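A short worksheet on the structure shown next.
The values are calculated or read from the model by the stated rules, or taken from the named source; none is laboratory data. Given the structure is predicted, the values throughout are model-derived calculations rather than measurements. So basically every Cβ, Gly included, is an ideal-geometry build from the backbone, and we count neighbours across all protein chains shown.
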Amino acid sequence: MSISQEQSIIAVVQGDTRFPLELQLMEYRCSKDCEIDAPIDLHGVDIVTLYIFQRGNETAHVDCTISGDPKNGTVVNDFWGSIWTKPGNYIGEVEVLYADGGSKRMENLLQFRVRANGRS
């Protein structure tokens, strides 16, 4: 499973607390070349969580909400807390937890760059 990315690095400003992010989770298959197959069906999913790391240390985790038809594989989250407190580079990793106890982490990581707030 993978995440459909519109941009390679997601830009954030230090101190942002209302930062909505929509992700589309995708299935892929690899026979000879890896190809995106279709959005994953989120029926039967209990929780989708986005973990945020800076320099290898987890700084936060945010639960996502399924957006629209679960067959579209789209989730959204809104960073309501103080996650982006320090400028720098962060990575995000998405984990899907199924109601039956199974789990899967997405193959590719999200990249975030947080710039300093101009008032700092």
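Across region 58-84, the qualifying residues are those that are touching a strand residue (DSSP E or B) at 6+ places or on another chain (Cβ under 7 Å) and aromatic (Phe, Trp, Tyr), and the one among them that is surrounded by the most Cβ atoms within 10 Å (Cβ to Cβ) is TRP84. Checked against (1) in a loop (DSSP other than H, G, I, E, B); (2) more than 21 Å from SER8 (Cα to Cα); (3) basic (Lys, Arg), LYS86 meets all criteria but (2). Close contacts from region 89-106, counting a first residue that is within 24 Å of ALA11 (Cβ to Cβ) and a second that is among the β-branched types (Val, Ile, Thr) and not in a strand (DSSP E or B), with Cβ to Cβ under 7 Å and a gap of 6+ residues or different chains, come to none at all.
Of the numbered criteria (1) more than 12 Å from the chain's Cα centre (by Cα); (2) modelled with pLDDT of 85 or more, the one ALA38 fails is (2). Close contacts from region 73-87, counting a first residue that is touching a residue at least 12 places away in the same chain (Cβ under 8 Å) and a second that is basic (Lys, Arg) and not in a loop (DSSP other than H, G, I, E, B), with Cβ to Cβ under 7 Å and a gap of 6+ residues or different chains, come to PRO87/ARG115. Please verify whether GLY88 is more than 16 Å from the chain's Cα centre (by Cα) and surrounded by 13 or more Cβ atoms within 10 Å (Cβ to Cβ), treating the condition exactly as stated. Spelling it out, GLY88 is indeed more than 16 Å from the chain's Cα centre (by Cα) and surrounded by 13 or more Cβ atoms within 10 Å (Cβ to Cβ).
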